[in-house]
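J.: The structure under discussion is supplied below as C-alpha cells; questions concerning it will follow.
The values are calculated or read from the model by the stated rules, or taken from the named source; none is laboratory data. In this text, all values refer to a predicted model and were calculated from it rather than measured experimentally. Methodologically, a virtual Cβ is constructed for each residue, glycine included, from the backbone with ideal geometry; neighbour enumeration extends over all protein chains shown.
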Ligand SMILES: [Zn+2]
C-alpha cells in the first residue's frame with residue numbers, strides 16, 4: 001500500500017479522495033485564501049498526475065473537463081495519484097479574464113510561472129502552486145483554450161523531452177498535432193520538462209464554444225484524453241488508444257494587418273493542411289469594404305482562429321502551424 005499523500009491542506013490515504021487547497025494570500029474579508037485541489041490517492045504505486053486548469057481565467061474548459069474526468073475515477077481502483085487543480089488562477093476565473101484584474105503588475109500566470117515568493121500578486125500565487133507540485137508530480141497536463149478572444153482546435157505543446165512527448169502521445173485519438181515548446185520556459189509544462197518530467201499544454205475550445213451541448217462535447221473530448229493518459233500509464237484499467245503518427249512542427253502567429261472587423265473565411269478546415277496563399281480571413285472597415293486579408297504564408301494548417309471580430313492592427317487572427325516532421329515513435 002502507498003503512504004498517505006499530502007498536497008497543500010489535503011491529505012488522502014490510499015483509496016481515498018481528499019479535498020483541500022493550496023494556501024495563497026489573504027483577502028480583505030480577513031480570510032485565508034486557497035487554490036482548491038482534489039486528490040485521488042490510489043491503492044497501488046503509480047505515477048502522480050496533475051491536471052491543472054484555468055491558468056487563464058477565461059478558459060473554463062479546464063475545470064469542466066476535470067470534473068468530467070474525475071466523475072469516472074474510483075480511488076479504490078486507482079494505481080498512482082491524481083491531483084486535480086480545476087482553477088489555478090481563481091481571481092482571474094471569477095472575473096472571467098485571462099489574468100487577475102486586481103493584479104496590474106503580473107497579469108499572465110502562463111508567462112511568469114513558477115513566479116517568485118516575493119514577487120507581484122500573481123507571482124506569489126504561481127509560486128505557491130509550484131511549491132506544492134514540483135516534488136509531488138511525475139506528469140502534468142495544463143489545460144488551455146482560446147479563451148474569450150479565440151477558438152483553438154486540438155493542439156498539444158509538449159516540453160521537449162521524451163517523457164513529455166510520451167505524455168502527449170498518450171492523449172490518444174484526435175491529438176495528432178504535437179509541437180515542441182522547449183523546457184524551462186515560464187509555464188507549468190515547461191518547468192516540469194526542466195525537471196526531466198512530463199509536461200504538456202493541451203489546447204481545445206474557446207468562449208465561442210461554451211454553450212450547452214457544445215461545451216459538453218469539448219469537455220468530454222478533453223476528459224477522454226486524460227483518461228486515455230491514465231490507461232497508458234496503467235493507472236486505470238482498459239486499453240489506451242493512440243494516433244498512428246504525430247505531426248510536429250512550429251506555429252506562426254498571423255496578426256491583423258489592419259484595424260476593423262475580422263471574419264474568417266467560410267468553410268475553412270481546422271487541423272488540415274492548406275496550401276500557401278489560402279484565404280484565412282478578411283478585415284472589413286465600418287463601411288463594409290475589405291481593408292486587409294490574412295492568408296496562409298506557406299503550406300501549413302490552421303489550429304486556431306480569432307473568434308472576437310473586432311480587431312486592432314497587430315492583434316492575433318490565426319494560429320497557423322507548419323508541420324516539419326511526422327513522427328511515428330513518440331511512445332518508447
Ligand atoms: Zn490559456
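J.: Looking at 230, 235, which one is in a loop (DSSP other than H, G, I, E, B) and touching a strand residue (DSSP E or B) at 6+ places or on another chain (Cβ under 8 Å)? Before the answer, list the steps.
T.: Details: 230 fails: in a loop (DSSP other than H, G, I, E, B).
Going through 230, 235 in turn, just one is in a loop (DSSP other than H, G, I, E, B) and touching a strand residue (DSSP E or B) at 6+ places or on another chain (Cβ under 8 Å): 235.
J.: Any chance segment 132-145 includes a residue that's over 30 Å from residue 301 (Cβ atoms) and in a helix (DSSP H, G or I)?
T.: yes
J.: From the residues in segment 91-130 that are in a helix (DSSP H, G or I) and surrounded by fewer than 16 Cβ atoms within 10 Å (Cβ to Cβ), which one is nearest to the ligand (Cβ to nearest atom)?
T.: So, considering only residues that are in a helix (DSSP H, G or I) and surrounded by fewer than 16 Cβ atoms within 10 Å (Cβ to Cβ), the one nearest to the ligand (Cβ to nearest atom) is 111.
J.: Yes or no: residue 236 crowded, with 16+ Cβ neighbours inside 10 Å and either touching a residue at least 24 places away in the same chain (Cβ under 8 Å) or under 21 Å from residue 70 (Cα atoms) (or both)?
T.: yes
J.: If you don't mind, there's one more thing I want to ask. Restricting attention to segment 162-182, which residues are out of contact with any strand residue (DSSP E or B) (no Cβ under 6 Å at 6 or more places or on another chain), assigned to a loop (DSSP other than H, G, I, E, B) and surrounded by fewer than 20 Cβ atoms within 10 Å (Cβ to Cβ)?
T.: 172, 173, 182
J.: Going by the conditions given, is residue 24 touching a helix residue (DSSP H, G or I) at 6+ places or on another chain (Cβ under 8 Å), farther than 21 Å from residue 236 by Cβ and assigned by TED's automatic domain parsing to the domain that holds residue 143?
T.: Values: touching a helix residue (DSSP H, G or I) at 6+ places or on another chain (Cβ under 8 Å): yes; farther than 21 Å from residue 236 by Cβ: yes; assigned by TED's automatic domain parsing to the domain that holds residue 143: yes.
Considered against the rule, which asks whether it is touching a helix residue (DSSP H, G or I) at 6+ places or on another chain (Cβ under 8 Å), farther than 21 Å from residue 236 by Cβ and assigned by TED's automatic domain parsing to the domain that holds residue 143, residue 24 comes out as yes.
J.: So which residues in segment 131-147 are touching a helix residue (DSSP H, G or I) at 6+ places or on another chain (Cβ under 6 Å) and within 16 Å of the ligand (Cβ to nearest atom)? Lay out the reasoning, then the answer.
T.: First pass over segment 131-147, keeping only residues touching a helix residue (DSSP H, G or I) at 6+ places or on another chain (Cβ under 6 Å): 139-140, 142-143, 145.
Of everything in segment 131-147, those that are touching a helix residue (DSSP H, G or I) at 6+ places or on another chain (Cβ under 6 Å) and within 16 Å of the ligand (Cβ to nearest atom) turn out to be 140, 142, 143, 145.
J.: Which members of segment 205-217 meet the condition of being within 14 Å of the ligand (Cβ to nearest atom) and touching a helix residue (DSSP H, G or I) at 6+ places or on another chain (Cβ under 6 Å)?
T.: 205
J.: Name the strands (runs of 3 or more DSSP E) wholly inside segment 254-332 in which the number of residues that are loosely packed, with under 13 Cβ neighbours inside 10 Å is 2 or more.
T.: Details: elements: 260-264, 279-284, 290-295, 300-306, 316-327.
Once the strands (runs of 3 or more DSSP E) in segment 254-332 are filtered for at least 2 residues that are loosely packed, with under 13 Cβ neighbours inside 10 Å, what remains is 316-327.
J.: Would you pick out the residues in segment 32-70 that are assigned to a strand (DSSP E or B) and within 15 Å of the ligand (Cβ to nearest atom)?
T.: If the condition is that a residue be assigned to a strand (DSSP E or B) and within 15 Å of the ligand (Cβ to nearest atom), then 51, 52 are the ones that fit.
J.: Could you please let me know if residue 54 is on the phi > 0 side of the Ramachandran plot, in the same structural domain as residue 215 (by TED's automatic domain parsing) and within 19 Å of the chain's Cα centre (by Cα)?
T.: Taking the combined requirement at face value, the residue satisfies it.
J.: Okay, next question. Mind checking whether some residue in segment 132-150 is without any contact (Cβ under 8 Å) to a residue 60 or more places away in the chain and buried (at least 23 other Cβ atoms within 10 Å of the Cβ)?
T.: No.
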